[in-house]
Every structure is written in C-alpha cells, then in structure tokens.
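Let me begin by presenting the structure, written as structure tokens, before commenting on it.
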Amino acid sequence: MIVASLRWRTVSDACLFCSIVAGDLPASVVAGDDAAIAFLDINPLTTGHTLVVPRRHVTDLLDADGAVAEVSPLLESTGRLLVDRLGADGINVFQASRAPAGQTVFHLHFHLLPRWSGDGMLNVHSIRTQVREDRDTTFARLTG
Ligand code: 5GP
Ligand code: ZN
C-alpha cells in the first residue's frame, strides 16, 4: 500500500527497499543522490554486487513512471565506482520485472555485477532457452 507521496519519494509501508531508503533497515550504502541510492546486495553473486534503487517506490520497469531516467545518473556513476575501486574488468546490469522474470523484491532495482576476465560466471550469450516463435512472427507482432 502506498502511504505517502512527496516530490522524490513515494513510500510503501511494507517494502524492504523503502525501509532501506528511509534508514529504518541497515544497508551498506556506497553511493546516493536526490533520486536514488546504491547499496551492496546482501547475497552477492560477484564481489561488489550492488543494487541501485529509486528513492520513490515504484514496483518495476512496467510501473516505472520515469524512475528509470531518475536512477540513470547514479547507475552510471556507481558502475564507474565499482570499476575504479574494485578493479573490475566489466559490469553486467540486470533488472527483473515481475515474478516470472525472477523478481523477488517488488521495488524497482538494477543489479550491477562487477565482472573479471575469466571469472567463470555465465555470460548471456551462453544461455540457451526455448524461443517460442520465429523471429519474423515476433517482428510482425511488434510492428504490425
Ligand atoms: P530480485 O530477485 O528482485 O531481482 O533481487 C532482489 C535482490 O535483493 C537479491 O539479489 C537479494 O539478495 C537482495 N536482497 C534481499 N533482501 C535484502 C536486504 O535486506 N538487504 C540487501 N542489501 N539486499 C537484499
Ligand atoms: Zn519500496
């Protein structure tokens, strides 16, 4: 339930990340600005795995209402921070919207995953899943 709405802040009473934004739950916050904060994931997939979240509550990309643009400066600067301070060789950005896509915390967040050459983590090009229809059909459905 949405309980308050300010210029940059819409807070949800039962949301984990709203509680972190409000300072009611501890987190290892590494960067922040007026619109967003960046903190270390509690269960990192790689060293420095960081979440960038808008300060206002929106649930996901499909409910973002401009929040993606608001978090983008911090997303960029946090990516550079991870490379500069941790010596990462690259970064993956990952975002899950809705449960079928793997979302477990329903406050929009972007995963920043620092990567190192030969770190053994899966690359998206090596993932093989079943594609449900041929590309021409998909193209026609999107543009027809
Ligand atoms: P999702 O599955 O929604 O894309 O990602 C949620 C992420 O939030 C997970 O990677 C999980 O480890 C992280 N997470 C869940 N609870 C907490 C918490 O209390 N603190 C922090 N820092 N991260 C959390
Ligand atoms: Zn929230």
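The values are calculated or read from the model by the stated rules, or taken from the named source; none is laboratory data. Note that this is a predicted model, so its numbers are computed, not measured. Cβ placement follows ideal geometry from the backbone for every residue including glycine, while neighbour counts extend to all protein chains displayed.
Observations on the model:
- The one condition in (1) part of a strand (DSSP E or B); (2) out of contact with any strand residue (DSSP E or B) (no Cβ under 8 Å at 6 or more places or on another chain) that Leu25 fails to fulfil: (1)
- Residues that are over 14 Å from the mean Cα position of the chain (by Cα) and in contact (Cβ under 8 Å) with a residue 40 or more places away in the chain, drawn from the range 78-102: Leu81, Ala88
- Among the residues of the range 16-34, those identified as within 14 Å of ligand 2 (Cβ to nearest atom) and out of contact with any Ser or Thr (no Cβ under 6 Å at 6 or more places or on another chain) are Leu16, Phe17, Ser19, Ile20, Val21, Ala22, Gly23, Asp24, Ala27.
- Residue match in the range 11-18 (condition: surrounded by 12 or more Cβ atoms within 10 Å (Cβ to Cβ), modelled with pLDDT under 95 and within 21 Å of Ser97 (Cα to Cα)): yes
- Among the residues of the range 29-82, just one is in a strand (DSSP E or B), surrounded by 20 or more Cβ atoms within 10 Å (Cβ to Cβ), away from ligand 1 (no atom under 12 Å from the Cβ) and small (Gly, Ala, Ser), namely Ala36.
- Some residue of the range 106-120 being under 11 Å from the mean Cα position of the chain (by Cα), crowded, with 18+ Cβ neighbours inside 10 Å and more than 24 Å from Ala22 (Cα to Cα): yes
- Search result, residues across the range 83-120 that are under 21 Å from Gly66 (Cβ atoms), in a loop (DSSP other than H, G, I, E, B) and hydrophobic (A, V, I, L, M, F, W, C): Ala96, Val105, Phe106, Leu108
- Selected residue (criterion: nearest to Gly120 (Cα to Cα)) from residues of the range 19-28 that are of a type in the set (A, V, I, L, M) and within 11 Å of ligand 1 (Cβ to nearest atom): Ala27
- Flag if Val29 is aliphatic (A, V, I, L, M) and without any contact (Cβ under 8 Å) to a residue 24 or more places away in the chain: yes
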